[in-house]
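*Asks:* The structure that follows is given in the form of C-alpha cells.
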Amino acid sequence: MKLATLKNGTRDGRLVVVSRDLTRCTDASFAARTLQEALDSWDYAGPRLQDLAQAIESNAVPTERFHERQCESPLPRAYQWADGSAYVNHVELVRKARQAEMPRSFWTDPLMYQGGSDSFLGPRDAVPIADEAHGVDFEGEIAVITGDVPMGISPADAIAYVRLIMLVNDVSLRNLIPEEIGKGFGFFQSKPSSAFSPVAVTPDELGEHWLGGKVLLPLVVMLNGALFGRPNAGVDMTFSFGDLIAHAARTRPLTAGTVIGSGTVSNKDVNDGPGLPINEGGHGYACIAEQRTVEALRHGKPITPFMAIGDTVRIEMMDSRRHSIFGAIEQKVARYEPAAA
C-alpha cells in the first residue's frame, strides 16, 4: 500500500491511503489519524489500511484527487532520523574533496549520524537558505521507517521491522561541513531540514525490486530540468537496510517511526572508477558534491556550482513501466524569510 500525509494546518497532518497510480486517495482516520499513530499501533492499523488500499483499487470507497503539492513529508516530524552512508563510494569521494583520509573500517562498519527530525520539509516545499555561500547541495537517498526494533537485533532479522520505504532529499550545506566535522562531534548546522517523498510505500509495493534490504531501481535526479543522475540504488550499496537498522539498534531499541536513511545513492563506473557524469555516458550523481569531486580529480578543479536561489532539484524513482512509485520531491532553493512575530 501507499500512504501519504496531507497538509491540514496541524503539525502532523492528515493520513490518507493513496492509489497505486498516485491519482486518488481516501481518508484513513478510521484506522489512524496520522502516520505516527498508525506506526504506534501497526498490528491494528496496518491491516485496516491495507483493506483501504485494496478498496481504492476496486473503487469500493469514496476518494478525492491526490495532489503531491498538498503533501507533507509522510512523517512531518519523527522521533528519530538517523542517516547512514551505505554507498561507500560516495563517502570516499566527498572525503577526497576535503582532503580527508578514509579509514578502511568504513568498508566494514557503517557510518551514521543523528539528524534533526523535528521539522521535515514537505516534498514540494522550498529549501529555505540564509546564505548561498554555505554551499547548498541536495542528496538523493532512500529511507525506511521502522516499527519498534529491539536492541541488539541481527541484520538478517532487522528487515522484518521495515514498515515503509520512501525517498529523501538530505539537504547539505557543504561549505559548513569541513569546519564542523573538524571539531570531531558530527553534523549539526551543516544539515538543515530534510524532505521526503510525497508517498511512503510498503515493501511489497516494490515487488522483485525490494531484495536483501535494497531497492533495485535507479534514482532519477534532475537539476533545473536537466538530468543530473540516475544511479541505481541497488548497485554499490555496501550496507543493506538490515545492516543499517542493526547498526542503529546495537546499543538501544528503536521506537516505531524511526527513519533510517541510506546516504547518498552512488555508483562506480564499469572500470571501478568514481563514476562518470551523465553527459559522458555515465550514471551521473545524486548530489553536486560528487560531480565536483570528479571534476577536481579529472580537470584539476571543480566546475559545477552548488545550488543558488531559484535553482530546483527533482528526485523520483520509476517502476519498470516508468510510473512514479513514490511521487516526486521537487524543491526550489529560496531565501529564508523569518515569520512575523
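*Asks:* Looking at the range 245-272, which of the residues that are open to solvent by 20 Å² or more (accessible area, probe 1.4 Å) and modelled with pLDDT under 95 is farthest from Leu211 (Cα to Cα)?
*Replies:* That would be Asn271.
*Asks:* Would you say Ala60 is farther than 30 Å from Ala126 by Cα, modelled with pLDDT of 95 or more and either of a type in the set (Val, Ile, Thr) or not in a loop (DSSP other than H, G, I, E, B) (or both)?
*Replies:* No: the conditions fail for Ala60.
*Asks:* Continuing with this model, one more query. Can you name the number of the only condition in (1) surrounded by fewer than 18 Cβ atoms within 10 Å (Cβ to Cβ); (2) in contact with a Gly (Cβ under 8 Å, 6 or more places away or on another chain); (3) not hydroxyl-bearing (Ser, Thr, Tyr) that Arg95 fails?
*Replies:* Looking at each condition in turn, Arg95 falls short on (2).
*Asks:* Right, next: Name, by its number, the condition in (1) open to solvent by 50 Å² or more (accessible area, probe 1.4 Å); (2) within 20 Å of the chain's Cα centre (by Cα); (3) among the polar types (S, T, N, Q); (4) modelled with pLDDT under 95 that does not hold for Ser105.
*Replies:* (2)
*Asks:* Six or more apart or on different chains, Cβ under 7 Å: which pairs go from a residue in the range 251-264 that's on the phi > 0 side of the Ramachandran plot to one that's part of a loop (DSSP other than H, G, I, E, B) and open to solvent by 10 Å² or more (accessible area, probe 1.4 Å)? Could you list them?
*Replies:* Gly257/Ala78; Gly257/Tyr79; Gly263/Ser85
*Asks:* Now a separate question. For the range 311-319, check the following and say yes or no: at least one residue is surrounded by 15 or more Cβ atoms within 10 Å (Cβ to Cβ) and on the phi > 0 side of the Ramachandran plot.
*Replies:* No; the residues of the range 311-319 include none that is surrounded by 15 or more Cβ atoms within 10 Å (Cβ to Cβ) and on the phi > 0 side of the Ramachandran plot.
*Asks:* Then there is this: Give me the residue from the range 169-200 that is assigned to a helix (DSSP H, G or I) and among the β-branched types (Val, Ile, Thr) and, out of that set, surrounded by the most Cβ atoms within 10 Å (Cβ to Cβ).
*Replies:* Applying the filter and picking the extreme gives Ile177.
*Asks:* Out of contact with any helix residue (DSSP H, G or I) (no Cβ under 7 Å at 6 or more places or on another chain), among the charged types (D, E, K, R) and open to solvent by 40 Å² or more (accessible area, probe 1.4 Å): which single residue out of Arg24, Arg14 fits that description?
*Replies:* Arg14
*Asks:* Tell me which residues, restricted to the range 140-168, are part of a loop (DSSP other than H, G, I, E, B) and open to solvent by less than 10 Å² (accessible area, probe 1.4 Å).
*Replies:* Gly147 - this is the single residue of the range 140-168 that is part of a loop (DSSP other than H, G, I, E, B) and open to solvent by less than 10 Å² (accessible area, probe 1.4 Å).
*Asks:* Can you tell me which residues in the range 330-341 are more than 16 Å from Ser73 (Cβ to Cβ) and open to solvent by 40 Å² or more (accessible area, probe 1.4 Å)?
*Replies:* Hits for the range 330-341 are Lys332, Arg335, Tyr336, Glu337, Pro338, Ala339, Ala340, Ala341.
*Asks:* Taking into account only those residues within the range 63-92 that are closer than 25 Å to Val265 by Cβ and acidic (Asp, Glu), which is modelled with the lowest pLDDT?
*Replies:* Result: Glu92.
*Asks:* Just one of Leu173, Leu206, Leu223, Leu211 is without any contact (Cβ under 8 Å) to a residue 24 or more places away in the chain and of a type outside the set (Gly, Ala, Ser); which is it?
*Replies:* Every option except Leu211 fails the conditions.
*Asks:* Now for a separate question. I'm trying to understand the selection: among the residues of the range 201-232, which are open to solvent by less than 10 Å² (accessible area, probe 1.4 Å), of a type in the set (Gly, Ala, Ser) and under 30 Å from Ala130 (Cα atoms)?
*Replies:* Selection gives Gly229 alone.
*Asks:* Just to check your reading of the model, which residue among Gly300, Gly242, Gly327, Gly275 is open to solvent by less than 20 Å² (accessible area, probe 1.4 Å), small (Gly, Ala, Ser) and at pLDDT below 95?
*Replies:* Of the residues listed, the single one that is open to solvent by less than 20 Å² (accessible area, probe 1.4 Å), small (Gly, Ala, Ser) and at pLDDT below 95 is Gly275.
*Asks:* Please find, within the range 77-91, the residue that is surrounded by the most Cβ atoms within 10 Å (Cβ to Cβ) out of those that are under 19 Å from Ala233 (Cβ atoms) and not hydrophobic (A, V, I, L, M, F, W, C).
*Replies:* Only one residue fits best here, namely His90.
*Asks:* Of the residues that sit in the range 195-209 and are in contact with a strand residue (DSSP E or B) (Cβ under 6 Å, 6 or more places away or on another chain) and of a type in the set (Gly, Ala, Ser), which one is nearest to Ala334 (Cα to Cα)?
*Replies:* Result: Ala195.
*Asks:* Right, here's the next one. Here is a check on your reading of the model: is Val235 assigned to a strand (DSSP E or B) and of a type in the set (A, V, I, L, M, F, W, C)?
*Replies:* The answer is no for Val235.
*Asks:* Ok, one more. Before we move on, is Glu92 part of a helix (DSSP H, G or I) and among the charged types (D, E, K, R)?
*Replies:* For Glu92, the condition - part of a helix (DSSP H, G or I) and among the charged types (D, E, K, R) - is met.
The values are calculated or read from the model by the stated rules, or taken from the named source; none is laboratory data. Nothing here was measured: the structure is a model prediction, and the numbers come from that model. A quick note on method: Cβ atoms are made from the backbone with ideal geometry, for glycine too, and the neighbour counts reach across all protein chains shown. Only protein heavy atoms, including side chains, enter the accessible area calculation; ligands, DNA and RNA are left aside. Shrake-Rupley method; radii C 1.70, N 1.55, O 1.52, S 1.80 Å.
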